[in-house]
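Take a look at the structure set out below.
Derivation of every value follows stated rules applied to the coordinates shown; laboratory data play no part. This structure is a prediction, so every number in the text was calculated from the model and none was measured. Glycine also receives a Cβ, built like all others from the backbone with ideal geometry; neighbour counts cover every protein chain displayed.
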Amino acid sequence: MRILILGGTGEARELAAALTAAGVDVLSSLAGRVSQPRLPAGPVRIGGFGGPAGLAAFLRDEAITGVIDATHPFAAAITASAAEAAAATGIPLLVLRRPPWPADPSWVSVPDIDAAAGAVRDWPGEGVFLTTGRRDLSAFAADDRHRFLVRAVDPPDPGTPTPKQMTLILDRGPYTVDGETALMREHGVGLLVTKNSGGPMTAAKLDAARALAVTVVMVERPPLPPLPPTAGPVSTMAEAARWVDGGGQSADG
Ligand SMILES: NC(=O)c1ccc[n+]([C@@H]2O[C@H](COP(=O)([O-])OP(=O)(O)OC[C@H]3O[C@@H](n4cnc5c(N)ncnc54)[C@H](OP(=O)(O)O)[C@@H]3O)[C@@H](O)[C@H]2O)c1
């Protein structure tokens, strides 16, 4: 048994640690987007595979017997690639996804980042807190009326269009409600834009926004591609570990 974990999330690191400790042969894969990634336990390879065909070839070359896609819920391309490569090779796939944050009726729900930029454009206030990541900044670049507080792990790539009025904070969490409240107060934030990533690491901003009556624009998750019945998705480490124990035969263990 040799498991490839598609990572870049806290869950992927936890899973790599648990499987490695249990003596499973695990290889973790990162995209290489972040300059100083938090590395999982065990062997790690970094960089794209070259699409579904490249991933399928990698799985065969590396004698991988099971793939766990524990990537971020918004990393839709690698998830589609994993589904395609698994179908092409017959190698079992499991999708591990943290649950989304439960819907709040006060949120303005939007399907994608362009719709979020539209919602911001229509908002009459000034201070906007953007936590959607540096690679989505260009969607807001034409908006020179709002003041954007942008928080990201790394700065935007040189040449990326960014909003004219932008204050950039480099940070990667986890965050506290007190810290988020102070930050939003300090920067006069009236609207928060976030992806529905789910999980506790970045949820404090939602509690802070609620307490401060800050409007929340929530970008909902892209849909999963069609998956085989044994591929889940599952949301817990225990389910993923049972899937590995069962040789990838069932997402229910
Ligand atoms: N999107 C987010 O908001 C977000 C937030 C936190 C962490 N992340 C993590 O950051 C990474 C990149 O996210 P993304 O949204 O850019 O992904 P994406 O749009 O789904 O993927 C774009 C391309 O990057 C490569 N790639 C992505 N994840 C990879 C991985 N784990 N290992 C090897 N190659 C990978 C693949 O290249 P090839 O086609 O060449 O194989 C893929 O086609 C993922 O690992 C994800 O878990 C993403």
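Evaluated at 10 °C with a viscosity of 1.306 mPa s, what Stokes-Einstein diffusion coefficient in µm²/s does the range 1-109 have when Rh comes from the Kirkwood expression over alpha-carbon pairs? Once the numbers are plugged in, D ends up at 110 µm²/s. Residues whose amide H comes within less than 5 Å of that of Val110, counting only those at least five positions distant or on another chain, are Met218, Val219, Glu220 (H built at 1.01 Å from N in the peptide plane).
Taking only DSSP H segments of four or more residues, each worth -39500 (n - 2.57), what value at 222 nm results for the chain once the sum is divided by all its residues, to the nearest 500 deg cm²/dmol?
My calculation for the chain gives -9000 deg cm²/dmol from helical runs alone.
As a footprinting exposure proxy, order Val189, Val153, Val217 by other Cβ within 10 Å, with the fewest listed first. Don't jump to the answer; show the numbers that get you there.
Numbers: Val189 25, Val153 15, Val217 22.
So the residues, fewest neighbours to most, are Val153, Val217, Val189.
Comparing Val189, Val214, Thr167 along the charge dipole axis of the chain, the residue lying farthest to the positive side is Thr167, per the Cβ-charge model. Candidates Pro228, Ala56, Ala238 compared by Cα position along the dipole of the chain: farthest toward the positive end lies Ala56, with charges placed on Cβ. The simple Förster model, with R0 at 25 Å and r as the Cβ-Cβ distance, assigns Ala141 and Ile46 a FRET efficiency of 0.30.
Counting Lys and Arg as +1 and Asp and Glu as -1, each charge on the Cβ, what is the dipole of the range 85-235 about the Cα centre in debye, to the nearest 20?
Taking the Cα centre of the range 85-235 as origin, the dipole is about 220 debye.
Amide H to amide H, with H built 1.01 Å from N, Thr167 comes under 5 Å of Phe148, Leu149, Val150, counting only residues 5 or more places away or on other chains.
With N denoting the number of residues in the range 151-248, provide Rg(C-alpha) divided by 2.2 N^0.38 Å, to two decimal places.
Against the empirical 2.2 N^0.38 Å value, I get 1.44 for the range 151-248.
Of the GluC sites (Glu not before Pro) found in the range 1-91, those that fall in a DSSP loop while having at most 13 other beta-carbon atoms within 10 Å are Glu62.
Residues whose amide H comes within less than 5 Å of that of Ser28, counting only those at least five positions distant or on another chain, are Ile5, Val44, Arg45 (H built at 1.01 Å from N in the peptide plane). Please check: in the Gaussian network model of the chain (C-alpha springs, under 10 Å), which one of Ala211, Ala139, Ala83 has the largest mean-square fluctuation. So, out of Ala211, Ala139, Ala83, the one fluctuating most is Ala211. Shown in residue order for the range 142-148 are the 3J(HN,Hα) couplings computed by the Karplus curve 6.51 cos²θ - 1.76 cosθ + 1.60 at θ = phi - 60°: 7, 8, 9, 8, 8, 9, 9 Hz (x for Gly and Pro). Between Pro100, Pro124, Pro111, the residue with the greatest mean-square fluctuation in the GNM of the chain (Cα pairs under 10 Å linked by springs) is Pro124. Could you give me the percent of Cα pairs per 10 Å distance bin for the range 84-129, shortest bin first, beginning at zero and ending with the bin that holds the maximum distance? For the range 84-129, the pair-distance distribution reads 18, 29, 22, 19, 10, 1.
Distances between every pair of Cα atoms in the range 45-157, grouped in 10 Å steps from 0 to the bin holding the largest one, split as 11, 32, 26, 21, 9, 1 percent.
Any chance you could list the semi-axes, whole Å, largest first, of the equivalent ellipsoid that the Cα gyration tensor gives for the chain, using √(5λ)?
On the way: eigenvalues 253, 67, 55 Å².
Taking √(5λ) for each eigenvalue gives 36, 18, 17 Å, largest first.
In a DSSP loop and with at most 16 other Cβ atoms within 10 Å, the trypsin sites (Lys or Arg not before Pro) in the range 24-58 are Arg33, Arg38.
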